[in-house]
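Working notes, structure below.
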Amino acid sequence: MKEIRSTPHTMSAWLRSYWVGLAGLILVALFLAAGRTATAAPNYQTVPDPTPPPTTAPPATATPSRPSSDRDEEPSPPPAATPQAAEAQTSTAPLTGVVTANRLNVRAGPGVNSAIIGAVVSGETLQILARNADSQWWRICCASGTTTEGWVSAQFVRLNVDAAQANELLAVIDSAAGAPAAAPVEVTAAGAPMLAVDVEQVPAFAWQGQQLALRYRITNLGQDAALAVTLRDELPSELALVEALADGAGAVVAEQAQAGQLAFTITWPVLAAGASVSVMVRIQVDEAVPDGAIIDNLAVVTAAGGEPYTVGATIGMPPATLPLFQ
């Protein structure tokens, strides 16, 4: 085999031709790269996902708020009522009372000597309009079944306020002290009631320790019904009540009158025109009544809107001395 040996001159020429060819290849590659359009990155490269645009929150709705100086404070409580305001509120509220007696007379004035113009019964609620000077009597509205104002004894009415407050709220009406008198009685029927009252004593003669009967008969002579017809009898001390019986719807109530006397009252809510009612009262004469004494017993009959009627029975004891017959 023939051995080929290189010389320095030959090596230098080869290197020059190598670098010239390499430079030409580089120029050709640069030329081609400049003339080509950009292409997508190869699929093996990692391309970051596009970043989503920030989400825009909807504008907040304005909420009414208190001024900054009040936001940390509790709402102010409503102003407390002044004593004057409280008194005004109390004074406008109706003052009422409930009847505690089985039956209570309604009178024309503040006192047992005033005429009876009606009655109220247990459990009824009355409007209290005024009082007398010592608050022993209330002026009320109204007698049962009527629009009649009148006076009732305060001890038989339970108020919806205490007595001290009632004294402050109620006006004082006391005719005895010169204050305005009680208002006139209102007539509730077409005209004033017309009553006829008769009394009969049985037996006609009496003596000490004896029981006898008084029979009353009340008749409505008017053309309209009479309302709250009442018979009241305050027995004198010489007579004691044994029993009282009334026909119709009459309600009998016994009570203590002034000076310890016993009284009874009978009331009929309605007495029709032309109708009559009767009462039988059994009484006993005191054994200490002396001979020759005369006992006067008076009863008063009233109806709403009418004048009182007085009827009496005179009971005589045996004479103190026997008459002389010649």
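Miscellaneous remarks
- Inspection of the range 161-169 identifies no residue that is touching a strand residue (DSSP E or B) at 6+ places or on another chain (Cβ under 7 Å), assigned to a strand (DSSP E or B) and touching a residue at least 24 places away in the same chain (Cβ under 8 Å).
- A count restricted to the range 196-236 and to residues that are part of a strand (DSSP E or B), under 40 Å from the mean Cα position of the chain (by Cα) and either exposed (fewer than 13 other Cβ atoms within 10 Å of the Cβ) or among the basic types (K, R) (or both) stands at 1.
- Total residues in the range 237-260, condition under 38 Å from the mean Cα position of the chain (by Cα) and part of a loop (DSSP other than H, G, I, E, B): 5
- Qualifying residue in the range 107-123 (condition: outside the structural domain of L271 (by TED's automatic domain parsing) and more than 21 Å from P308 (Cα to Cα)): yes
- Lone qualifier among T321, T314 - being over 16 Å from E200 (Cβ atoms) and modelled with pLDDT under 90: T321
- Taken together, the residues in the range 112-149 that are within 17 Å of T230 (Cα to Cα) and either within 22 Å of the chain's Cα centre (by Cα) or in a loop (DSSP other than H, G, I, E, B) (or both) amount to 15.
The values are calculated or read from the model by the stated rules, or taken from the named source; none is laboratory data. Note that this is a predicted model, so its numbers are computed, not measured. With ideal geometry, Cβ positions are generated from the backbone for all residues, glycine too; neighbour counts draw on all protein chains shown.
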